[in-house]
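**Student:** Please find one structure pasted underneath; my questions will follow.
Just so you know, all these numbers are worked out from the coordinates, no wet-lab data involved. Just so we're clear, the structure is a prediction, and the values are computed from it rather than from any experiment. Here Cβ is always computed from backbone atoms with ideal geometry, including for glycine, and neighbour counts include all displayed protein chains.
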Amino acid sequence: MPRHAQTELRHSSDVGVRLADARSDLTTRESEVLLLFAQGLNGNAIAEVLGVSGPTIRHHAENVLRKLGVSSRAAAVAEAFRRGLLVVT
């Protein structure tokens, strides 16, 4: 791995993601789920963080995918960045 890539990886933990102030059709809870997707959490971890069940998170995740017109969580995060719903901090 090139030296500059190692440096970037080492410092990548300094980078965060937050919800933007952009308007969206997503509910507050769907936006929270999307943000946690972007932070790399899986469904069970999201359920634990938000204090809800796994099936509830799956329901919110399905709504996020449908509203963003994508078929995967990774695509949802990419689309959210493209639409300005998420920003790097």
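**Student:** Take the alpha carbon gyration tensor of the range 40-89, find the square roots of its eigenvalues, order them as a ≥ b ≥ c, and report rounded if a/c is under 1.5; if not, report prolate when a/b exceeds b/c, else oblate. Working shown, then result.
**Tutor:** Working: a/c = 2.50, a/b = 1.50, b/c = 1.67.
Oblate is the answer for the range 40-89, as a/c is 1.5 or above yet b/c matches or exceeds a/b.
**Student:** Would you please put 18-26, 77-85 in order of how densely packed they are, using the mean number of other Cβ atoms within 10 angstrom per residue and starting with the highest?
**Tutor:** The most tightly packed comes first, giving 77-85, 18-26.
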